[in-house]
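J.: I am attaching a structure below and will ask some questions about it afterwards.
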Amino acid sequence: MRLLAENLVCERGGRGVFAGVSFTLDAGRLLAVTGRNGAGKSSLLRVVAGLVPKAGGSLALEGADSERGLGEHCHYAGHADALKASLTAGENLAFWAAFYGDPWLDPDEALERLAIAHLADLPAAYLSAGQKRRLTLARLFVSRRPLWLLDEPTSALDTATQALLAAHMREHLAAGGLILAATHADLGLPAQRLEIGG
Ligand SMILES: Nc1ncnc2c1ncn2[C@@H]1O[C@H](COP(=O)(O)OP(=O)(O)OP(=O)(O)O)[C@@H](O)[C@H]1O
């Protein structure tokens, strides 16, 4: 599988964010998107996920199921933790498992991957910032999707959990997955780099 982006253009609110962004991401590789605040890193991930329409250029996931759109091959973990505050951690994951389809691990096992199985019955509203981030990342494991789009995935994570995430990312890549990550930090594994906004 290979993600090809050619001359992507992004506009938001009628203003140009970036233009002429091209890259190739092969299976088993991590592409770290860097750039100053406001350069358009999050916007790029949202364009790939199909959450923001591209204003120009092309995007293709070669080798993917052609019956499905690009967004259906992605896990998108954005800046904001997409959690329902009144649902427990386990219920949040059960929601996402039903939403995504293609079930993989059950919610308890997914929580275990981020070392928060003990929080399964706690409403998301009661979780700390880092625990919420871990719960957001646990979503990656309730459904198998080849392309992970991670926006500042290590934000709010303690050092041990950053290492845990790096191990999971390494495993995903070794299994032929692809990762596009917007980050200001070193993710702890080899990466291609794409700087936006020079
Ligand atoms: N919904 C929106 N409507 C209009 N403009 C937006 C919207 N969201 C983002 N922008 C603008 O798009 C530009 C790129 O924002 P984006 O969040 O992609 O940058 P970023 O590189 O991820 O920044 P940071 O490092 O601060 O997270 C910014 O100028 C921002 O103000």
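The values are calculated or read from the model by the stated rules, or taken from the named source; none is laboratory data. Keep in mind that this is a model prediction, so the values were computed, not measured. Backbone-built Cβ (ideal geometry, glycine too); neighbour counts: all protein chains shown. For accessibility, only protein heavy atoms count, side chains too; no ligands or nucleic acids. Shrake-Rupley method; radii C 1.70, N 1.55, O 1.52, S 1.80 Å.
J.: Please list, ordered by chain and number, the residues whose modelled amide H lies under 5 Å from the amide H of Arg12; skip anything fewer than 5 residues away on the same chain.
T.: Correct list: Val17.
J.: Can you work out the Karplus-derived ³J(HN,Hα) for every residue in region 32-40? Use 6.51 cos²θ - 1.76 cosθ + 1.60 with θ = phi - 60°, whole Hz, and x for glycine or proline.
T.: 8, 8, 10, x, 5, 4, x, 5, x
J.: Could you state the number of Å between the C-alpha centres of region 110-170 and region 66-104?
T.: Between the Cα centres of region 66-104 and region 110-170 lies a distance of 13 Å.
J.: In addition: Non-local amide H neighbours of Gly177 (under 5 Å, H modeled in plane, Pro and chain starts lacking H): which ones?
T.: Gly28
J.: While we're looking at this one, here's another question. Whose amide H sits under 5 Å from the amide H of Gly35, counting only residues 5 or more places off or on another chain, with H placed in the peptide plane?
T.: Placed amide hydrogens put Ile196 under 5 Å from Gly35.
J.: Quick check: from the Cα gyration tensor, does region 56-109 come out rounded (a/c under 1.5), prolate or oblate?
T.: Oblate shape, in that a/c is at least 1.5 and b/c is the bigger or equal ratio.
J.: Give, in whole angstrom and from largest to smallest, the semi-axes √(5λ) of the equivalent ellipsoid of the chain, with λ running over the eigenvalues of the Cα gyration tensor.
T.: Equivalent ellipsoid of the chain: 27, 18, 17 Å, largest first.
J.: To continue, here is another question. Points 7 angstrom from Cα along the Cβ direction at Glu72 and Ala55: gap in nanometres?
T.: So the label points at Glu72 and Ala55 sit 3.0 nm apart.
J.: Run the accessible area of the chain with a 1.4 Å probe and give the carbon-and-sulfur part as a rounded percent.
T.: Here carbon and sulfur together make up 50 percent of the probe-accessible area.
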